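The structure under discussion appears below in the form of structure tokens.
The values are calculated or read from the model by the stated rules, or taken from the named source; none is laboratory data. Computed from a predicted model, the values in this text were never measured in an experiment. Note: ideal-geometry Cβ built from the backbone for every residue, glycine included; neighbour counts use all protein chains shown.
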Amino acid sequence: MSNNKDARLFDAEIQPNDGPLASILHMFRVNHAALLGLILILLIILMAIFAPFIARYDPNQLNLIEMRKPPSPAHWFGTDDMGRDVFARVVYGSRTSLLIGFVPSLISLILGTVLGLLAGYVGGRVDDLIMRLADVVLAFPSLLLAMVVMYTLGSSILNMFIALSIINWAGTARVVRAQTLSIKETEFVEAARSMGVSRLSIVFKHILPNCLPNLIVLFTLDIPGAIMWESSMSFLGVGDPNAASWGLMVSQGKSYAYMCPWLILAPGIAILVTVMAFNFLGDGLRDAMDPYLKS
């Protein structure tokens, strides 16, 4: 009886309207998919950090005697067409995929946020210029635009960051601009303006904090998108050929898909689990932090 009473008290103390942190804690309590996504993401991050201790083999070590061996106690996920251990390449590939997911998403988030705030608050010709530029970016198919950038600059991790940042900033800028247009007309912003507070302070101290919940959700949902773009470009041969990338592994293993299905199943499942985990977490955060979705 006391346990049920404690549970009711806990639910009463943590309600979605008590603040962002309380809403997130409540969300993890009731949304098991989001909690599962968080756990999987933490496990993948730990796998990337401790890759040298998890993988028994060098991911780039060639062993022509062990080519295309099926999964076994010696090689849990088998070996590829060059005798490299697939499990080791999947483990080390998590580093590339997480790096590709986080860095371009963060760059595009910062760029899109700054341009969206500028367009929404200043307005006029500045707004028109930024939004028309965003329209141009959004008018191109994202994969095609990223491939053009990669072909122009060359295949490397740095150029991959540039390509993915270019295709992702426009959506963030549109969302931030819409929120800025709404928030700048509120009473507390008008009061700050009447008190002589500078534009810069109003934007970064009053408007930006109110945009942060949606920006966190956007960032969480942009990460799996970036991982998918990198996998797609690596599969098409545009990515960095020297990186232990999951997409590149699928591309290299497609020729042996029928004879050695483990070559594409292992990295393919890794991509699937990672993208699903971030999507589960992003959906949960959206439900917790969007005031229109709270019950």
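Observations on the model:
- In the stretch 111-120 there is at least one residue that is surrounded by fewer than 18 Cβ atoms within 10 Å (Cβ to Cβ), at pLDDT 90 or above, out of contact with any Leu (no Cβ under 8 Å at 6 or more places or on another chain) and under 30 Å from SER251 (Cβ atoms).
- Answer from PHE219, PHE280, PHE204 - the residue that is hydrophobic (A, V, I, L, M, F, W, C) and farther than 29 Å from PHE28 by Cβ: PHE204
- Helices (runs of 4 or more DSSP H) wholly inside the stretch 137-200 containing at least 2 residues that are within 16 Å of ILE227 (Cα to Cα), touching a residue at least 12 places away in the same chain (Cβ under 8 Å) and not β-branched (Val, Ile, Thr): 142-153, 157-183
- Consider the stretch 75-131 and keep the residues that are in a helix (DSSP H, G or I) and of a type in the set (S, T, N, Q). The one that is nearest to ALA51 (Cα to Cα) is SER94.
- In the set (1) surrounded by fewer than 17 Cβ atoms within 10 Å (Cβ to Cβ); (2) farther than 28 Å from ALA226 by Cα, the condition left unmet by LYS69 is number (1).
- Filter result for the condition that a residue is surrounded by 15 or more Cβ atoms within 10 Å (Cβ to Cβ), of a type in the set (S, T, N, Q) and farther than 23 Å from ASP283 by Cβ, over SER194, SER182, SER165: SER165
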